[in-house]
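Step one of this worksheet: look at the structure below.
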Amino acid sequence: MADAFEEDAENTVSIGEFLQDLEEQELEADLVLGGDEGKECTYSKGYMKRQAIFSCLTCTPNGNAGVCTACSLSCHDGHEILELWTKRNFRCDCGNSKFGEFFCKLDASKDVENTKNSYNHNFKGSYCTCGRPYPDPDVEDQLENLQCCICEDWFHEEHLGLESSDMVPRDDKGEPQFEDLICQGCATVCSFLKLYPDSIFAPVQQQTTTNSSKDKEMVEGAPLTVGSSKELSNGSSSVETPVTDNSPKEDCNGKAVLLGENGATNTLLNQCNTVAGPSTKCVVGLNLLEAPISLEKSKSMFLSKDWREVLCRCPNCTEFYKQKGLAFLLDKEDTIAEYEKIAKQKRAQHEQDQSAELLNNLGHVEKMEVLTGIADLKDEIGTYLASFDPSKPVTSADVHKIFENLAQKRRRMS
C-alpha cells in the first residue's frame with residue numbers, strides 16, 4: 001500500500017507544470033496546423049504556399065494523395081491517417097480521381113487531379129534514406145528526425161552523411177541551433193550557396209585534429225560550419241565530373257573563376273557585394289545561368305537564422321532559382337518560422353474573437369458581471385498562489401479554499 005502512495009506521489013505535478021504543459025501542447029498543435037481550425041476544406045484556396053497535409057492510407061494505400069486538416073477530420077475520420085506536418089505549394093486531393101468513388105464531404109467540386117502537387121515516400125509512411133516508418137516500431141528510443149527544407153523529407157541524424165552527430169549544430173542543452181537543413185541529396189543543387197559568406201551556415205562545435213609531427217591534439221582556430229566551402233574543402237568527399245563547359249568565368253572584378261571550385265575563390269566572389277536585395281547588381285558577382293558548376297558530393301548543410309535574406313535577388317540569380325526549382329527560397333512565407341508566426345497570430349485573434357463573441361451575446365449588466373467576476377477570480381488566485389509553495393501540488397482542498405475566499409469576499413461586499 002505504501003508503495004502505491006509513493007508511486008502516486010511521483011506522478012503528481014504542480015498546477016503550474018500542468019498548465020504550462022497544456023499550453024505547450026495546444027501551441028504545438030496550432031503551429032503544426034498553421035492556425036487552421038479544420039472547419040473548411042482548403043481546396044478553394046488553390047496551391048497554398050504552406051499548409052498541414054495528411055495522407056490517408058485507407059483510401060490511397062499507394063501514398064499518392066494528400067488531404068487538408070478539415071478533410072482529415074471530416075472525410076477520413078476513423079481511417080489510417082499519416083500526419084505529414086507541412087508541405088509547400090500543395091492543394092487538397094480529397095475526393096478527386098485518386099480516391100475512386102469516394103467524394104469529399106466538404107467540397108465535391110474538385111478537379112480530377114492536382115497536377116502541381118508533389119509527393120514522396122512520406123505519403124506511404126516511409127522517411128529518410130533508410131525508408132523506415134516514424135515512429136519506428138523496431139526502435140525503443142524514438143529520436144527526433146530532421147526535415148530538409150528543399151525536398152521536405154525527414155532524416156535520421158546518422159543518415160545525413162555526417163562524420164558524427166556532433167556535426168549537428170546544437171547548444172549545450174542539445175537544442176538545435178540552425179534554421180534550416182539541406183540534406184546531402186539536395187546539397188549538390190544548392191552548391192551555389194558556397195559562394196556566400198560562411199556566416200549563412202550554422203556554426204558547430206570546434207573539431208579536434210591530431211598533429212602527427214607532435215603527436216598531440218590541436219583545436220582549429222575558427223569553428224567549422226557544416227556545408228560551408230571551408231568545411232567541404234577539408235572533407236574527403238569525391239568530386240563528380242563538372243558540367244560540360246569547364247571554361248572559367250569572370251567575377252565582378254574581372255578575375256577568372258570556376259563556380260564552386262574552392263573556398264578561397266568563393267571568398268573573392270563574396271567580396272563583390274555583401275548584402276542581398278532587389279538590385280540589378282549581383283551579390284555573388286557571377287551569372288549563375290552561364291557559370292560552370294563543380295558538382296561535389298557535398299555533405300548536408302545547416303543554415304543559420306535568416307539566411308534566405310542574404311540570397312541574391314538580381315534578375316540572373318532569380319531566373320537561376322526558377323530553373324532549379326528553388327524560387328520558393330525567396331518567398332518569406334515559405335519558411336517554417338513565418339508559418340509559425342502566422343499561426344500564433346491566428347491563435348491570438350481566435351482567442352480574442354471568442355471572448356468578444358461571448359460578451360456580445362450578453363446584455364450590459366450581465367457583461368459587467370462576467371468581467372468583474374473574471375477579475376475577482378484572477379485576483380483571488382494570484383493572492384492565494386503568492387503565499388503558496390510553487391513546488392507543491394495544488395490539491396482539491398486548495399481549489400475549494402480559493403472559491404470559499406471568493407464567496408466570503410462577495411458576501412462582505414453585498
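Overview of results
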item: Selection count where residues are touching a Gly at 6+ places or on another chain (Cβ under 8 Å), at pLDDT 65 or above and within 24 Å of D36 (Cα to Cα), scope region 347-396; result: 1
item: Residue, nearest to H156 (Cα to Cα), within region 106-119, restricted to residues that are loosely packed, with under 15 Cβ neighbours inside 10 Å and out of contact with any Lys or Arg (no Cβ under 8 Å at 6 or more places or on another chain); result: T115
item: Set D93, D138, D77: member being of a type in the set (D, E) and surrounded by 14 or more Cβ atoms within 10 Å (Cβ to Cβ); result: D93
item: Candidates D138, D166, D172 - the one that is of a type outside the set (A, V, I, L, M, F, W, C) and part of a helix (DSSP H, G or I); result: D166
item: Contacts under 6 angstrom Cβ, first residue in region 180-206 being touching a residue at least 24 places away in the same chain (Cβ under 8 Å) and at negative phi, partner of a type in the set (S, T, N, Q) and in a strand (DSSP E or B), 6 or more apart; result: D198/T225; F201/T225; P203/T225
item: Subset of region 55-100 that is in contact (Cβ under 8 Å) with a residue 24 or more places away in the chain and among the charged types (D, E, K, R) - its residue that is farthest from S44 (Cα to Cα); result: E80
item: Meets criteria (among the small types (G, A, S) and surrounded by 17 or more Cβ atoms within 10 Å (Cβ to Cβ)) for G131; result: no
item: Filter result for K87 (basic (K, R) and part of a loop (DSSP other than H, G, I, E, B)); result: no
item: Condition met for S126 (under 22 Å from R50 (Cα atoms), under 24 Å from the mean Cα position of the chain (by Cα) and open to solvent by 60 Å² or more (accessible area, probe 1.4 Å)); result: no
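The values are calculated or read from the model by the stated rules, or taken from the named source; none is laboratory data. Note that the structure is a prediction, hence the values are computed from the model and not measured. Cβ: placed from backbone, ideal geometry, glycine included. Neighbour counts: every protein chain shown. These area figures cover heavy atoms from the full protein model, side chains too; ligands, DNA and RNA do not enter into them. Shrake-Rupley method; radii C 1.70, N 1.55, O 1.52, S 1.80 Å.
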